[in-house]
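Notes for the one structure printed next.
The values are calculated or read from the model by the stated rules, or taken from the named source; none is laboratory data. What you see is a predicted model, and the numbers here were worked out from it, not measured in a lab. Cβ atoms come from the backbone with ideal geometry, glycine included; neighbour counts cover every protein chain shown.
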Amino acid sequence: MTIREIRGSLKEHIVNDRFCSHCGSELTPKMAGGRERAACPKCGRTMFGRFSLGVGGLVEHAGRVLFVQRGENPGRGRWTIPGGYVEEDETPDQAVVREVFEETSLRTRAVSLLAIRNTLRGDDQNAYYVFKLDLEALPEIAVDGRETVDAKFFAPEEFDSLADLAPMSRWIAEHHSGDGLKLIDANGKLKPLAGSKWALFGIEE
Ligand SMILES: [Zn+2]
């Protein structure tokens, strides 16, 4: 699929959405932001597209990097850094800590944001944030044996021995340098709008 075809199918989704995901009313076309979009005549919500957010965590210990082996499809048997999808009621840094714990039982803390990858695909646009995580306790790993069948720390010279290591995971393990964007304690200091909370990553001096 070319980018043009993906964009075309995304646009069709946006225009062809029939019902408001907020109030359930039938959507009608509306010009907004230079494009025709589906909009709700009742609650005013405009469908700006379908986006999903994934997270991954780089956890290092004694010069080795943590990879987990997937037990389910898509990508059964593949090694990746741990991670998953962000829920609507959590920030990305909270999501990655939760996912790492669910997959490995390791307690970690998100310290910085190392990379962002955006994928244009047929059903939505996916963003994937990669965090650097610090271990909060000794690395004693336990996996559930279903979703995750194995998890281990690997030295860089062992990466080639893994039959199926996700290229993005390998890239981040081999090429991250420095500390990335720091998680900044912004709430209160920068005053997000009432009723909202921020997860801010940036360079702060
Ligand atoms: Zn609505």
(message) I need the full set of residues from the range 81-116 which are buried (at least 21 other Cβ atoms within 10 Å of the Cβ) and polar (S, T, N, Q), in order please.
(response) Thr104, Thr108
(request) Only one of these is modelled with pLDDT of 95 or more and touching a helix residue (DSSP H, G or I) at 6+ places or on another chain (Cβ under 9 Å): Arg117, Arg121. Name it. (result) Arg117
(request) Working carefully through the options Pro167, Pro192, find the one that is in the same structural domain as Leu66 (by TED's automatic domain parsing) and of a type outside the set (Gly, Ala, Ser). (result) Pro167
(request) Determine which single condition Glu99 fails, assuming it passes every other condition in (1) more than 25 Å from Asp179 (Cβ to Cβ); (2) touching a Gly at 6+ places or on another chain (Cβ under 6 Å). (result) (1)
(message) Looking at the range 102-136 only, could you name the residues that are free of Cβ contacts under 8 Å to residues at least 60 places away in the same chain and over 23 Å from His176 (Cα atoms)?
(response) Glu102, Ser105
(request) Could you check how many residues of the range 35-66 are under 23 Å from Gln125 (Cβ atoms), away from the ligand (no atom under 16 Å from the Cβ), among the aliphatic types (A, V, I, L, M) and surrounded by 19 or more Cβ atoms within 10 Å (Cβ to Cβ)? (result) 1
(request) Give the residue that is farthest from Asp17 (Cα to Cα), with candidates limited to residues of the range 28-44 that are in a strand (DSSP E or B) and not hydrophobic (A, V, I, L, M, F, W, C). (result) Arg35
